[in-house]
């Protein structure tokens, strides 16, 4: 919409363009995703450049023209310093950001997702590894539901069983899970998890506000996290970061890609 708009925004990413400009991707409560050019912010000094770092909350004035959006003014509302300095948290934050940029176009307003991400950024540094993983999954599941691409967690996509006794594998191409016996080979079986943990995904889907009350073993969370991030890598077509310390013994990849 042509005009000037004052927006509260979460800075999801930035990319250098030209000699001194940056293209910033903002997530706003009022207008959804907004991509805007911040002209001259790579010049020294620039009063705006320091306010447009990823994973900060800003108040910004966007000038929307027929040629594109431009950042006219910006100030930091929340710097999230604890989040910015924690190397174990940043991969989680990046994966959450991909849940927005991969499934929504500019202008698709998603206020509940905005609130969920802002809350996640507030509390992630204070959580242990297991609860960080569960919170990441909760935000991603909410994004998938809003986008209409939530996988079918009710039945195997091959045999249609609803209560598999054996392990299952999330299948991005089929849009759901397969029983290990229905997988038809060993590909991706390292990302399988016990069938009873499907109840955890269903619980998160139905009661995201209670996700931090779940009590699971570290092994169970690791199984789910590996499987879920593998699924997200497939459906987002993006590399999904994984902290090496969350892998089971013997695995050392720093990213998962399809």
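The values are calculated or read from the model by the stated rules, or taken from the named source; none is laboratory data. Values in this document were obtained by computation on a predicted structure and should not be read as measured data. Because the Cβ atoms are built from the backbone with ideal geometry, glycine has one as well, and the counts that use them run over all protein chains shown.
Can you name the residue in the stretch 154-198 that is out of contact with any strand residue (DSSP E or B) (no Cβ under 7 Å at 6 or more places or on another chain) and at pLDDT 90 or above and is also nearest to residue 111 (Cα to Cα) among such residues?
The initial filter retains those residues of the stretch 154-198 that are out of contact with any strand residue (DSSP E or B) (no Cβ under 7 Å at 6 or more places or on another chain), namely 154-155, 160, 163, 165, 172-174, 181, 184-187, 190, 194, 196-197.
Filter once more, so that each one left must be at pLDDT 90 or above: 154-155, 160, 194, 196-197.
Numbers: 154: 27, 155: 31, 160: 35, 194: 34, 196: 32, 197: 29 Å.
Among those that are out of contact with any strand residue (DSSP E or B) (no Cβ under 7 Å at 6 or more places or on another chain) and at pLDDT 90 or above, it is 154.
Among the residues of this structure, residue 26 counts as one that is crowded, with 16+ Cβ neighbours inside 10 Å and either part of a helix (DSSP H, G or I) or within 15 Å of the chain's Cα centre (by Cα) (or both). For the stretch 55-85, the set of residues classified as out of contact with any helix residue (DSSP H, G or I) (no Cβ under 7 Å at 6 or more places or on another chain), in contact (Cβ under 8 Å) with a residue 12 or more places away in the chain and in a loop (DSSP other than H, G, I, E, B) consists of 56, 66, 79, listed by residue number. Scanning the stretch 186-232 for residues that are surrounded by 12 or more Cβ atoms within 10 Å (Cβ to Cβ) and part of a loop (DSSP other than H, G, I, E, B) turns up 188, 192, 194, 207, 214, 216. As a summary of the residue check, residue 120 satisfies the conditions (1) in contact with a strand residue (DSSP E or B) (Cβ under 8 Å, 6 or more places away or on another chain); (2) modelled with pLDDT of 95 or more except for the one numbered (1).
Take the stretch 159-170 and flag every residue that is at negative phi and either in contact (Cβ under 8 Å) with a residue 40 or more places away in the chain or more than 27 Å from the chain's Cα centre (by Cα) (or both). Steps first, answer last, please.
Restricting attention to the stretch 159-170, the residues satisfying the condition of being at negative phi are 159, 161-170.
Answer for the stretch 159-170, where residues must be at negative phi and either in contact (Cβ under 8 Å) with a residue 40 or more places away in the chain or more than 27 Å from the chain's Cα centre (by Cα) (or both): 159, 161, 162, 163, 164, 165, 166, 169, 170.
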